[in-house]
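Student: Could you have a look at this structure, given as C-alpha cells, before my questions?
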Amino acid sequence: MRSSFVNETVVRLLPLVPKPLVWRFSRRYIAGTSVAAALAEVGRLNAAGFSATVDVLGEDSRSVAQVERSRDLYLEVLAALEAADLDAGISVKLSELGLRFDPGLCRRVLDELVAKAAAGGRFVRIDMEDSSVTTDTLEVYRWARTRHQPVGAVIQAYLRRSERDVDALLADGIAHVRLCKGIYREAPELAFQDPDEVNDSFRSLLARLFDGDAEHVAIATHDAGLIAHAEEMLAERRVPPERYEFQMLLGVAEGLRERLLAHGHRLRVYVPFGDLWLAYSLRRLKENPQIAGHIISNLLRPR
Ligand code: FDA
C-alpha cells in the first residue's frame, strides 16, 4: 500500500524533474541523439550476437514538418544500416507519422518507409500506442500488408480486446506480431489492471498465437517468469527458430538477454534514439520507480 503510494507520488513528480537530471538516468535506455549514435549501438549489439530494431523517438506529431523530419531520419537510418550492413530493422509509431491529424499522410509515409526497408531486406514494426488509436493502427497495418510483406504489428496483453485482435490476424494469415504487456495507462473497462491478469493474458495470447500457426511471434518482455514459460512453450511445441524471437528494450535486463542468447534463441534489442527522448524516458522511469525515486531524492537533497 505504502510503496504504491510512493510510486504514484514519484510518477506525478517526474514531469517536474529538470531535464538534465532525467537525461543522466535515461541514458541507459537511449542510444543517443544522433543517427551515428544509434548506428554505433546497433554495431555493438550485432557484434555481441543480437539483432536490433531502431526507433526514431517521437510521437503525436502535430504538423507535416514534424512528420517529414521523422520520415527523413528513418530514411537516413535505413540508408546507414544498409551502408554498414547491420542486422536491424526499424520500429515506427503511427502518431509520429501523422495518424492523429492526417491519416492519408501517415499511410503515404509508412508506405515509403516500408518500401525502402523492403528493398534492403529489412523489417518494419508498427509499435502500438494508447487505446485511442488501437483500431486505426491495426487497420493501417492491414492496409500495409496488402502492399508489402516485411511489416508487423504489436499486440498488448493488458488490453481486453487483444484476444479478438489476435484471432482476426490469425484468420487473415497476417499474424506477424510482437506481443508485449502494454505500457500506457488505460481504463479498467479496456485493460486489465492486475499484474497477474496481465500475465495470464500474455501466456494465453502466446499459446493462441503458436497454436494458431502465427507467421512470426516476437516475445517482448523482461519478465523472467513469462520468459521461462515461453521457453517451455517453444520446446513443447517445437516452434522452429524462424517463427519467433525474443525482444528486449535497450538498457533493460541485460543478464537475461545474454542467457536467452546462450540458450540458442534469437534476440532483438529495441534501440531508441533522437532529440525527443523525454516522453520515452519518463515512461521507462515510471516502470522502474526505484530509479525514479533516486532521481526525486537527488532533486530534493540540499546542495
Ligand atoms: P515487467 O514490467 O513486469 O518487468 C519485468 C522486469 O523487467 C522488472 O521486474 C524489472 O526487473 C525489469 N524491467 C522492466 N522495465 C524496466 C525498466 N524500465 N528499467 C529496469 N528494469 C526494468 N509497449 C507498448 O504499449 N507498445 C509497444 O509497441 C511496445 N513495444 C515494446 C517493444 C519491446 C522490444 C519491449 C521489450 C517492450 C515494448 N513495450 C511496448 C513495453 C511493454 O509493454 C512493457 O511495458 C515493458 O516491456 C515492461 O514490461 P515487462 O514485460 O518487461 O514486464
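The values are calculated or read from the model by the stated rules, or taken from the named source; none is laboratory data. Every value quoted in this text rests on a predicted model; they were computed, and no experiment measured them. Ideal geometry is used to build each Cβ from the backbone, glycine not excepted, and the neighbour counts take in all protein chains shown. For the accessible areas, the whole protein counts, side chains as well, though only heavy atoms, and no ligand, DNA or RNA atoms are used. Shrake-Rupley method; radii C 1.70, N 1.55, O 1.52, S 1.80 Å.
Student: From Ser51, Ser63, Ser3, Ser91, grab the single residue that is modelled with pLDDT of 95 or more, surrounded by fewer than 22 Cβ atoms within 10 Å (Cβ to Cβ) and within 16 Å of the ligand (Cβ to nearest atom).
Tutor: Checking each option against the conditions leaves just Ser51.
Student: Counting only residues that are away from the ligand (no atom under 12 Å from the Cβ) and in contact (Cβ under 8 Å) with a residue 40 or more places away in the chain, how many does the range 202-218 have?
Tutor: 10
Student: Kindly list the number of the only condition in (1) under 22 Å from Glu287 (Cα atoms); (2) more than 16 Å from the ligand (Cβ to nearest atom); (3) of a type in the set (A, V, I, L, M, F, W, C) that fails for Leu170.
Tutor: Of everything listed in (1) under 22 Å from Glu287 (Cα atoms); (2) more than 16 Å from the ligand (Cβ to nearest atom); (3) of a type in the set (A, V, I, L, M, F, W, C), Leu170 misses just condition (1).
Student: If you check Val252 against the conditions, is it under 17 Å from Leu179 (Cβ atoms), under 19 Å from the mean Cα position of the chain (by Cα), in a strand (DSSP E or B) and among the β-branched types (Val, Ile, Thr)? Please lay out each step first, then the result.
Tutor: On the way: under 17 Å from Leu179 (Cβ atoms): yes; under 19 Å from the mean Cα position of the chain (by Cα): yes; in a strand (DSSP E or B): no; among the β-branched types (Val, Ile, Thr): yes.
Considered against the rule, which asks whether it is under 17 Å from Leu179 (Cβ atoms), under 19 Å from the mean Cα position of the chain (by Cα), in a strand (DSSP E or B) and among the β-branched types (Val, Ile, Thr), Val252 comes out as no.
Student: While we're here: In the range 140-160, which residues are away from the ligand (no atom under 14 Å from the Cβ) and open to solvent by 10 Å² or more (accessible area, probe 1.4 Å)?
Tutor: Scanning the range 140-160 gives Arg142, Trp143, Arg145, Thr146, Arg147, His148, Gln149, Pro150, Arg160.
Student: Inspect all residues belonging to the range 161-170 and state whether any of them is out of contact with any Pro (no Cβ under 6 Å at 6 or more places or on another chain), open to solvent by 30 Å² or more (accessible area, probe 1.4 Å) and of a type outside the set (D, E, K, R).
Tutor: yes
Student: Something else: Gly32 passes all but one of (1) modelled with pLDDT under 95; (2) under 18 Å from the mean Cα position of the chain (by Cα); (3) assigned to a helix (DSSP H, G or I); (4) away from the ligand (no atom under 16 Å from the Cβ); which number fails?
Tutor: That leaves (3) as the condition not met.
Student: Taking the range 219-232 only, how many residues are open to solvent by less than 40 Å² (accessible area, probe 1.4 Å) and either assigned to a helix (DSSP H, G or I) or more than 7 Å from the ligand (Cβ to nearest atom) (or both)?
Tutor: Count: 5.
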